[in-house]
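Right, one structure below, let's go through it.
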Amino acid sequence: MKMLRASVALHNGIAVVSLSGQIDRMASAELDSFLREVHTPHIVVDMAGITYLDGSGLAVLCDIADEVAALGGSLSLARLYGPSAQALRDLDEECPFAVFGTITRAVKTSARHRAGQGKATRPDVAVPA
């Protein structure tokens, strides 16, 4: 089984969290802990390296998105492909995150939200089929 790997970098005051590996029930707790250590109100999660995502991983992303939204921030997903995109399409609940095709678009939208010029929670692109 591939382990979950995560790193964070700041882009114009927006935390970009790059993930790779699998997010299953075992890795979900690790993802939750990692995202809670990101101390910026606007987070973009780069999902391009994720090879598997189950409901527990989506639940973590939804929970964190709810929490940062309640504090006036945003959590957005970028570069969501393949099985991860399918898992999101299969999700029965609404989560307050937007899905973007590129990191650049996600960061720009989050920066506008941070500046009070819009909401980052509006989906920019449809989840790829």
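The values are calculated or read from the model by the stated rules, or taken from the named source; none is laboratory data. A quick note: this is a predicted structure, and the numbers were derived from the prediction, not measured. Note that each Cβ is placed from the backbone with ideal geometry, even for glycine, and that neighbours are counted across all protein chains shown.
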Which one of the conditions (1) out of contact with any Gly (no Cβ under 7 Å at 6 or more places or on another chain); (2) at pLDDT below 95; (3) outside any helix (DSSP H, G or I); (4) closer than 24 Å to G21 by Cα does V44 fail to meet, given that it meets all the rest? (2)
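Which one is farthest from S110 (Cα to Cα) among residues in region 41-72 that are of a type in the set (G, A, S) and crowded, with 19+ Cβ neighbours inside 10 Å?
Taking region 41-72 and keeping what is of a type in the set (G, A, S), we get 48-49, 55-57, 59, 65, 69-70, 72.
When the remaining residues are screened for being crowded, with 19+ Cβ neighbours inside 10 Å, the result is 57, 65.
Details: G57: 22, A65: 13 Å.
Top of the filtered list is G57.
Is it the case that some residue within region 80-87 is buried (at least 19 other Cβ atoms within 10 Å of the Cβ) and either modelled with pLDDT of 95 or more or within 23 Å of A111 (Cα to Cα) (or both)? So that I can check it myself, show each step before the final result.
Keep residues of region 80-87 that are buried (at least 19 other Cβ atoms within 10 Å of the Cβ), which gives 80, 84-85, 87.
Right, trim to either modelled with pLDDT of 95 or more or within 23 Å of A111 (Cα to Cα) (or both) and you get 80.
Yes, some residue in region 80-87 is buried (at least 19 other Cβ atoms within 10 Å of the Cβ) and either modelled with pLDDT of 95 or more or within 23 Å of A111 (Cα to Cα) (or both).
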Every residue from region 90-129 that is within 16 Å of L53 (Cα to Cα), at pLDDT below 80 and either crowded, with 17+ Cβ neighbours inside 10 Å or under 15 Å from the mean Cα position of the chain (by Cα) (or both): L91, V127
Consider region 20-40. How many of its residues are touching a helix residue (DSSP H, G or I) at 6+ places or on another chain (Cβ under 6 Å), under 24 Å from K108 (Cα atoms) and outside any helix (DSSP H, G or I)? 0
Sole residue being in a helix (DSSP H, G or I) and either under 17 Å from D46 (Cα atoms) or more than 10 Å from the chain's Cα centre (by Cα) (or both), chosen from L75, L80, L61: L61
